[in-house]
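Report on the following structure.
The values are calculated or read from the model by the stated rules, or taken from the named source; none is laboratory data. It should be emphasised that the depicted structure is a prediction, and the values quoted were computed from it without experimental measurement. Neighbour counts are summed over all protein chains in view; Cβ atoms, including those assigned to glycine, are modelled from backbone coordinates with ideal geometry. Ligands, DNA and RNA are excluded from the accessible area calculation, which covers all protein heavy atoms including side chains. Shrake-Rupley method; radii C 1.70, N 1.55, O 1.52, S 1.80 Å.
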Amino acid sequence: MRSVLLALFLAAMTAGSAVAIEPERRDAIVVTGRVWEGFAFQEMFLPSRSSSLHLIAGEDSALSFVGTKEYYWPLSRQVYVDFEAKRQDIDGVLKISKDGKDIAVIHPSPYVILYPQGAVNGHGRLLWGDSALAAYRTYQDDERSFNRRYSEALARQTAFEKRLVKAGTARIKGAPAEVISPPEALPTPSLRLVTAPVRAYRLSVPAGRYDMALYTEERPIEGTARTLDVIDMNGRGVVVADVVPEERWTRPIQSDHPGERIFVRPGSTFYLTLAAADRFQEQDYLSVVSPQTDVVQGRDIVVRRKPADIDVVDVHFGGAKAQASLARFKVEQAAGSGFGYRVRSVKSGEKEDLTAFAVTVPSDGDIVSGQVSTQTSSASAFTRDIVVVQPRNSGLALGLAFLPLLGWCGFRLRRLGTYRNRPAG
C-alpha cells in the first residue's frame, strides 16, 4: 500500500513540475525566411521583440511575416515559436524606406532555391515567380526519370547476378561455360537540388541602414516594423589553414590569422590543408544567422566555406626555395607499444585519409626559420612563418638547472670564510 501511495505521489509531483515549467505562449508576428550568409542560404527566425533585422548584401533574401504562438524558454534564454499550434502568413506589401523615402515596394511571390551542385557545396541562388515554378517542375520530372531508370538498371543488375549464380552451378555440374555480358552500370544521381516553392518577399538592397514594414491598404500592419541593417561582403575573403602533425593527424591545429606561426622540429614533416573563408566582426555575422546569440563586440570570427582552390604552395627555408603540391595520403597506425602514425602516399585504388601539402623541415641545425605561402598576390593570399625549434643542449640545460644551487653554495662558503677570518674578541 505504501509503495502504491509513493508512486502516486511521485507521479503527481512530476505532473506538477511539468505544468510549472510550461512557458506562457502569446500571439505575435515574427520574421522567418532564407537569408544569404555569404556562401549559402540559411534559415532564419527573428522574434517579435527584436527590432533589427540584419542581412548580407550580394544575393536576394526571402522573408516572410508569420503570425504564430511565441514563447520564451528560460533554460536556453531564447524565444521559440509553435508553428504547429498556429502559422498564419501575413500578406501585404513590404515597403523599404531610407531617410523617409520609399526605395522598394515588394509584393509576395513564390520562390525556390536552386543548388546546381547540392546544398552542401553552396553556390545556391533564388529563383522567383514563374521561373521558380518551372524549375521545380523540371526538377521533379528529372527525379522521377532517374528513379525509373535506376529501378530498371537495378533489375537488370539483379538478373545478371542470378544468371551468374545459375551458370556457376551448371558449370560445377559439367555444363560448358556460358559467356554472360554484364549490364550497364547503375546511373549516377545528380547533386542538383531545387527546394519546394514557398511564398515570400524578395529582398535585395545595397549595404546600408533602412526601415521596413508590411502595409495593407496603405496602412502599416502592427508588429511588422523593423530596422534593416545590410552589410557588404567586400574584402572579407581569406585563406586559412589546418596544420596537421604526423603524430596527431586526427587533431589538426587551426591557423586562422596571418600573425600565427608554425613551430616544428628539424627533420620533421607536417601537413597543411587550406580552406577558403570569410572574416567578419562577430556581431555582423551572428546577427544575420543567429539573431538571438550573445556576441562580443569587436571580436573577429572566421567562417570556413570550402577547400581552397590552390594546388601548389611555396616553401622557404634559409635561402632555399621549394614547392609543395597538393597530394593524397594514407595514414597507418604504427605497430608496437609506441603506437603513433605513419603517413604515406596513397597507392592505386586506395581511399585517401588526408589531402594536403606535405612540408618537410630541413634537419640542418643552422636553420631556425622558414615560411610557407601561396603564389597569388591577392588580398586572400596565404602566408605563415615557420619557427624551427632546435633540440635542447642537455649539458647546458643541466648546468642551468644546477646554477641556483651552485650560487647558494658559493654564497654559504663566502659567508663561512668571512666568519672564520673575523678577529676574535
(request) Might you let me know whether region 195-213 holds any residue that is among the charged types (D, E, K, R) and open to solvent by less than 70 Å² (accessible area, probe 1.4 Å)? (result) no
(request) Quick one: which residue in Ser50, Ser97, Ser64, Ser76 is outside any strand (DSSP E or B), surrounded by 13 or more Cβ atoms within 10 Å (Cβ to Cβ) and not assigned by the TED database to the domain that holds Gln281? (result) Ser50
(message) Just the residues that are under 19 Å from Val288 (Cβ atoms), in contact (Cβ under 8 Å) with a residue 40 or more places away in the chain and assigned to a loop (DSSP other than H, G, I, E, B), please, taken from region 210-254.
(response) Asp232, Met233, Gly235, Arg236
(request) Go through (1) open to solvent by less than 60 Å² (accessible area, probe 1.4 Å); (2) part of a loop (DSSP other than H, G, I, E, B); (3) over 30 Å from Lys98 (Cβ atoms) and name the single condition Ala170 misses. (result) (2)
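Being surrounded by 15 or more Cβ atoms within 10 Å (Cβ to Cβ), in a strand (DSSP E or B), modelled with pLDDT of 95 or more and of a type in the set (Ser, Thr, Tyr) is true for just one of Tyr111, Tyr136. Which residue is that?
None of the others qualify; the one that does is Tyr111.
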(message) Please return the ranges of strands (runs of 3 or more DSSP E) entirely within region 301-368 where 2 or more residues are polar (S, T, N, Q) and either open to solvent by 40 Å² or more (accessible area, probe 1.4 Å) or in the same structural domain as Val289 (by the TED database) (or both).
(response) 320-333, 354-360
(message) Any residue in region 186-207 that is aliphatic (A, V, I, L, M) sitting within a Cβ distance under 6 Å of a residue that is open to solvent by 80 Å² or more (accessible area, probe 1.4 Å) and part of a loop (DSSP other than H, G, I, E, B)? List the pairs, counting only those 6 or more apart or interchain.
(response) Leu191/Gln117
(message) Can you find, within region 333-368, the residue that is nearest to Ala276 (Cα to Cα) among those that are at pLDDT 90 or above and of a type in the set (Ser, Thr, Tyr)?
(response) Thr355
(request) Please work out which one of (1) outside any helix (DSSP H, G or I); (2) under 20 Å from Leu191 (Cβ atoms); (3) open to solvent by less than 90 Å² (accessible area, probe 1.4 Å) is the condition His123 fails and give its number. (result) (3)
(message) Checking the structure you have, find out if any residue of region 143-152 is free of Cβ contacts under 8 Å to residues at least 24 places away in the same chain and small (Gly, Ala, Ser).
(response) yes
(request) Please specify each residue of region 255-285 satisfying the condition of being outside any strand (DSSP E or B) and among the aromatic types (Phe, Trp, Tyr). (result) Tyr285
(request) Name, by its number, the condition in (1) out of contact with any Gly (no Cβ under 6 Å at 6 or more places or on another chain); (2) surrounded by fewer than 16 Cβ atoms within 10 Å (Cβ to Cβ); (3) not small (Gly, Ala, Ser); (4) not in a loop (DSSP other than H, G, I, E, B) that does not hold for Val288. (result) (2)
